[in-house]
Amino acid sequence: MASWAALSSSIVEYFEGEDFYRCGYCKNESGSRSNGMWAHSMTVQDYQDLIDRGWRRSGKYVYKPVMNQTCCPQYTIRCRSLQFQPSKSHKKVLKKMLKFLAKGEISQGNCEDEPMEPTMEDAVAGDALINKLDVQCDLKTFKESLESEEKNEGKSAKKAESNELIRSQDTEEKLGSGEPSHSIEVHTVPKPGKGADLSKPPCRKAKEIRKERKRLKLMQQNPAGEFEGLQAHREPLSPPKAAKSNQPKSLEDLIFESLPENTSHKLEVRVVRSSPPSSQFKATMLESYQVYKRYQMVIHKHPPDKPTVSQFTRFLCSSPLEAENPPNGPDCGYGSFHQQYWLDGKIIAVGVIDILPYCVSSVYLYYDPDYSFLSLGIYSALREIAFTRQLHEKTPQLSYYYMGFYIHSCPKMKYKGHYRPSDLLCPETYVWVPIEQCLPSLENSKYCRFNQDPDAVDEGRSKEPDRLQVFHKKAIMPYGVYKKQRKDPSEEATVLQYASLVGQVCAERMLLFRN
């Protein structure tokens, strides 16, 4: 058994059973159902593995929707950033920003495909959960409570049952090992639906269609000499230089298009570490909070006294993720960050992100409502995809952009499916399935198993629960040893539920805090 001095891993406290809350999407008063745990600390590899099993964090609270029972099933979605191509509407947003920066032009009308996230509180569970988690999280007091356990076990046990249990723990952990969840191709015939059909390929230019028709005509006229005929036909029409100039602009070309020297506005994007807070983060936190407050008041109609500094800190600044800076990782390191958008010397938007071993995970976005005309929700997502691609150059395994949850039953949340190519996580086998293959099933049912192999199972499921790691009385021990010492069969159901949700790898690596 290891002692407190040897701790250098994730410490989590699982909440028994399942909780019902008000849904932030369909507003059902008790329809949202999820499992949750409080993360006192967490390595980036553990969190990567958890989100690949459908978990997601809000501050230090980590939750997993009960997919087959909750009112609005929330499917983890990721974009394959290296293959991403901006759509026509994405290009419009990028051009709109460039025109505004260059000439100060302001587009009129509604913002197309503007993301409409619920408030962070509503997205998780509602006011009941906010009250449950409205506590102070301090490393010193957490350590002191553990040290006092030996002297006053009775008092500590009672204290552990209260909300004062929730504390934080700061340690350093080297980047763990592990592989991202694998993908699976499922072939189905897409059904026609209303509106844009994401299962169909993007529209092509008329010029490309004409070329395709001519190619088919040549094939019919001379099947045997197809290659020679096409080559002879194409060479004079498409010389190498012309072909190169016709290549579509990359996402980076569209974002970083050169502007005249005398631009009307200057935009700068800064990435600052939010946990532990860097000096840059501390210096700008008040200004960042004021943007968040205006966003909640105008966009989500909150009263002026509700978006408090403590709420802002708890949900958007506090993070259980340990800062890690391995030599083979990105220059900024792994962990939690704020991506600040500075326009003419002031913050107009902030993207809250986590940088993990295989992805950039989007947590939340808030912006100054005065700049809604810039479609900052779409613009920031495109910048975060470009940022992911930038990190990939130094860290090859980091290549995905996680957009949180895709909720097909909520029209305002379906915009995430427009960032292609993207995949949804199967809620039963935890394999990635291209979204085009998932949409027909989602049209028929809110809850779907995307893996169509009936024999496929969750390969990462808990197979040996006795090897689960428990942190008890300043000591680390396997659950098999712990349950013999405690001899309390009432705990077993809770521990087994926890193990089944986090999977065998995380169960053996993370420490389950028990008092």
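Per-structure values
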quantity: Qualifying positions in the stretch 505-515 - touching a strand residue (DSSP E or B) at 6+ places or on another chain (Cβ under 8 Å), assigned to a helix (DSSP H, G or I) and open to solvent by less than 50 Å² (accessible area, probe 1.4 Å); calculated: ALA507
quantity: Neighbours by Cβ (under 7 Å, 6+ apart or cross-chain): first from the stretch 328-348, closer than 15 Å to LEU376 by Cα; second open to solvent by less than 40 Å² (accessible area, probe 1.4 Å) and in a loop (DSSP other than H, G, I, E, B); calculated: ILE348/ASP368
quantity: First in the stretch 275-304 and within 16 Å of HIS338 (Cβ to Cβ), second anywhere and small (Gly, Ala, Ser) and outside any loop (DSSP other than H, G, I, E, B), Cβ under 7 Å, 6 or more apart; calculated: SER275/GLY335; SER275/SER336; PHE281/SER274
quantity: Residue selected from the stretch 243-256 under the condition at pLDDT 95 or above and either in contact with an Asp or Glu (Cβ under 9 Å, 6 or more places away or on another chain) or open to solvent by 50 Å² or more (accessible area, probe 1.4 Å) (or both), by the criterion farthest from THR313 (Cα to Cα); calculated: ASP253
quantity: Odd one out for SER34 among (1) in contact with a Pro (Cβ under 7 Å, 6 or more places away or on another chain); (2) farther than 21 Å from SER409 by Cβ; calculated: (2)
quantity: Restricting the stretch 472-504 to residues that are on the phi > 0 side of the Ramachandran plot and touching a residue at least 24 places away in the same chain (Cβ under 8 Å), the residue that is least open to solvent (accessible area, probe 1.4 Å); calculated: GLY503
quantity: Pair list, Cβ under 6 Å, 6 or more apart: the stretch 374-385 residue among the hydroxyl-bearing types (Ser, Thr, Tyr), other residue assigned to a loop (DSSP other than H, G, I, E, B) and open to solvent by 10 Å² or more (accessible area, probe 1.4 Å); calculated: SER375/CYS111; SER375/GLU114
quantity: Test: residue in the stretch 258-279 that is under 24 Å from GLU393 (Cβ atoms), open to solvent by less than 40 Å² (accessible area, probe 1.4 Å) and of a type in the set (D, E, K, R); calculated: yes
quantity: Test set (1) open to solvent by less than 30 Å² (accessible area, probe 1.4 Å); (2) farther than 30 Å from LYS91 by Cβ - SER380 fails condition number; calculated: (2)
quantity: Qualifying residue in the stretch 316-337 (condition: open to solvent by less than 50 Å² (accessible area, probe 1.4 Å) and among the charged types (D, E, K, R)); calculated: yes
quantity: Single residue of TYR430, TYR498 found to be under 27 Å from GLN69 (Cα atoms), in a helix (DSSP H, G or I) and of a type in the set (Phe, Trp, Tyr); calculated: TYR498
quantity: In the stretch 442-471, residue farthest from the chain's Cα centre (by Cα) [restricted to those that are farther than 15 Å from GLN504 by Cα and surrounded by 19 or more Cβ atoms within 10 Å (Cβ to Cβ)]; calculated: PHE471
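The values are calculated or read from the model by the stated rules, or taken from the named source; none is laboratory data. Given the structure is predicted, the values throughout are model-derived calculations rather than measurements. Don't worry about glycine lacking a Cβ; one is built from the backbone with ideal geometry, like all the others, and counts go over all protein chains shown. Side chains included, ligands, DNA and RNA excluded: accessible areas come from the protein's heavy atoms. Shrake-Rupley method; radii C 1.70, N 1.55, O 1.52, S 1.80 Å.
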